[in-house]
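First comes the structure, then the notes that go with it.
Taken together, the values in this text are just the output of simple stated rules run on the coordinates, not laboratory data. Keep in mind it's a predicted model, so treat the numbers as computed, not measured. Here the Cβ is made from the backbone with ideal geometry for all residues, glycine too, and neighbour counts use every protein chain on show.
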Amino acid sequence: MAYVAIADRDAPIHDPHTFIEKYIWSQDHKVIAIQYAVVATFVGLIALVLSAMMRLQLGFPDQFHFVDPNRYYQFVTMHGMIMVIYLLTALFLGGFGNYLIPLMCGARDMVFPYLNMLSFWVYLLSVLVLLASFFVPGGPTGAGWTLYPPQAVLPGTPGAGWGILLMLVSLGIFVVAITMGGLNYVTTVLQARCKGMTLMRMPLSVWGIFTATILGLLAFPALFVSAIMMTLDGTLGTSFFMPAISSMGENPGHAGGSPLLFQHLFWFFGHPEVYIVALPAFGIVSDLLATHARKNIFGYRMMVWAILAIGGLSFVVWAHHMYVSGMNPYFGFFFATTTLIIAVPTAIKVYNWVLTLWKGDIHLTVPMLFAIGFIFTFVHGGLTGLFLGNVTVDLPLSDTYFVVGHFHMVMGVSPILVVFGAIYHWYPKITGRMFNDRLGKIHFWLTFLGTYAIYLPMHYLGILGVPRRYYALGETEFLPQSVHTVNMAITIAALVVACSVVVFLYNMIVSLWKGEKASSNPWKATTLEWQTPETPPTHGNWGPRLPVAHRWAYDYSVPGAPDDFTPQNVPIDERHPSGFGHGEDKARR
Amino acid sequence: MSNTAIVVALLVGIAVWFAVASRLTAKPWENRGEEGDVGAINFSPARVGLWVFMAVVTSLFALFLTAYAMRMHHGVGWCHLTMPRIAWWNTLVLVGASVAMQLASSSVAAGRRQFAQVALIAGGALSIAFLAGQVAAWQAIGPSLYYIQGSPAIAFFYVLTTVHGLHLVGGLYVLGRAAQRFAGGAELVDLRQSLSLCAIYWHFLLLVWLAVFGVLQFL
């Protein structure tokens, strides 16, 4: 079967002339990626400020009067939803997916550039609708990021009118945006790879983003369905989720709905969502580790299969979020089993990352520091997941700070460390400038140690039984004074970590002008995006001729090769007149 | 639980097919230099994009219908919906639209312009008739808020027909653009893919409607 011609078109598939076509209504995947990244970062900063305000209340109760109970719940809700959906999902798929897929696959652009452009603008619309909820009567919803009915739409919950409506509408719009983008990412990976780029020669970053996109395309409809049905419950008075209930002395008129149905739908989306965020991070961190350890990734094929296995299994574990909602014990047994099974491919990946580092020529660059930091936090978060995956252990720990510590470690801190590592790694390619290394390292240590200072004590609080989602703990007998001291320390650490983001932003912005000019391949990496004729890559990426992949993405420190890296587009004969042929390969194995 | 088993079996099947079709057993560290076969599916990007989109829509409706079944069994106050007579006629109309779209596609492929024109007009007209028929079905079932609030089955009927109808409207937009090119005298060979994809999409929407209709009527 011949490779597909779409990748080999000589002419760019769209041809911008004006400033607006180039930078605003742009169809260029690189510009769209940056647009996605800027908006996601902006909205993520808002979520960061919200978390700082929550921590102020928790660390210093009733000292900051602008954080009243209603606002506290609104901050919790918006922080969670923004971080998971509008920052991490958008950044990994819309940002890194857009930038990396065509460049790493050797394509000129996405296969549907116009749809790609629409995807960004629809995403921006979803963000604007979400942010509008801060300015409507009642403010944003305070129902918690899971938006469980019946309380999400009942009066008494902050933002029960306009707030929840705008949240649901925004989520619906977001699903449309991510579907438009997802169609592009999947089709581009399947159809627009350059000559020689077999699926098994693709870098793991592309594998991670590709699989996460498929998860997104199949799981986000569950969020869409639940958003539509809850909107109707809240506005037209239907009873999909709303049971017969008396609220604040009044009968809202609902009857017979099933709140559990919402939970099933939400988590059928919600658990794959964890992997929609994690799989791109898995892929990217694999590439960072291999590049900066100057070593091929250990067990490439196993890594690909593990990504696919995790993706498949992620659809059959959702109810482990609902152990305390009440379910048939056999269901609990089933979901606990699938949850523990998913640990197998995940552990394979962790072993392979560590074995990639083993005897590598480790360069402790800023991206590498973040990648190694990720291994620590992810192992930590993964191990606490084993506790919560078991029904009997989960029951006492459910709704405590143990859970907060777990999920922040595994799907908050870990992916964010990869995001930072990836931004530092690809910054020279995206901007053509190097960042300030010293500031980068300061940022890493503040973030890495700071997040441990925040989340490690939360496990201790959880085991003591400190409940999550409480505005104030007050004086209770079962909580020792140390709980309040720990809460105070966590808040101080959280504020320090929040401030470290300023160091990051300063570094990124100032280096745009003052950074040293970057060479085209400063990390001496093998993947195709580092082999573009110009840095930053221009429109169409590859100049007159598309690259041809002659090898896989991990030819680092190959015995007999003149350098410790051999780019994917280097033919055997040009770089190695005698070649390091199959016989030598076999001897090495 | 049996639904979960079916979903798992389906996912495993797709994964195995994908692994075999994409040669995921290859050892890329061995075959340096061989340009090899990229293992891409031999379809146009638009065709692949449509299939991926249909997978998303399948997921959407499968979840809606699962929610319907769960709401029926888990909630209380369920009152079964009997589909109005006009919904049966609408089903026939959509079958007609699907057949017409297939005829339009195959006559464009065979180079029969005049027949293609008739089939295209018939396909579009029957689709619009289907949408009008669905609105009539709303009227027949009970258009007031009283019924929507009172019966979850009726509320599901409204939601499912609206979402399905919106997908058909999207298809009509694409069909309209192809018809515009057709009327503007575009070469049939250039329209072949568009109409072929439209026909596939119409068949798909027919299948979705049959699933929706079947669940609402018989479950």
Exercise. Going through segment A:466-526, which chymotrypsin sites (Phe, Trp or Tyr not before Pro) have at most 14 other Cβ atoms within 10 Å and a DSSP loop state?
Worked result: A:Y470, A:F478
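Can you give the Kirkwood hydrodynamic radius for chain A, in Å, rounded to one decimal and based on Cα pairs? All intermediate terms of the calculation are to be shown ahead of the outcome.
Values: mean 1/r = 0.0401 Å⁻¹.
Roughly 24.9 Å, rounded to one decimal.
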Problem set entry | Loop-located chymotrypsin sites (Phe, Trp or Tyr not before Pro) in segment A:126-192 whose Cβ has at most 10 other Cβ within 10 Å (DSSP) | none
Problem set entry | Peptide A:107-119 - average C-beta neighbours from other chains (10 Å radius) | 1
For this session: Beyond 19 Å, what share of the Cα-Cα pairs of segment A:421-473 is found? Please give it as a whole percent.
Result: 52
For this session: Determine which lysines satisfy two conditions relative to A:K441: a Cα distance under 29 Å, and not lying fewer than 8 residues away in the same chain.
Result: A:K30, A:K295, A:K349, A:K359, A:K429, A:K514, A:K517, A:K524
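Find the percent of Cα-Cα distances in segment A:236-367 that exceed 23 Å, and round it to a whole number. It would help to have the intermediate numbers written out before the result.
Numbers: 4536 of 8646 pairs.
Counting pairs separated by more than 23 Å, the tail of P(r) holds 52 percent.
Per residue, how big is the convex hull of chain B when only Cα atoms are used? Give it in Å³. Write down the numbers at each step before the final one.
Details: hull volume 32.9 nm³, N = 219.
Dividing the Cα hull volume of chain B by its residues yields 150 Å³.
If you take the Cα atoms of segment A:184-242, find Rg, then find the Kirkwood Rh from the mean of 1/r over all pairs, what is Rg/Rh?
Ratio value, two decimals: 1.31.
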For this session: Please sort by residue number the chymotrypsin sites (Phe, Trp or Tyr not before Pro) in segment A:264-363 whose DSSP state is loop and whose Cβ has at most 11 other Cβ atoms within 10 Å.
Result: A:W358
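For segment B:90-219, would you read off the P(r) tail past 25 Å as a percentage of all alpha carbon pairs? Intermediate results must be reported in sequence, preceding the final value.
Values: 2629 of 8385 pairs.
Percentage above 25 Å: 31.
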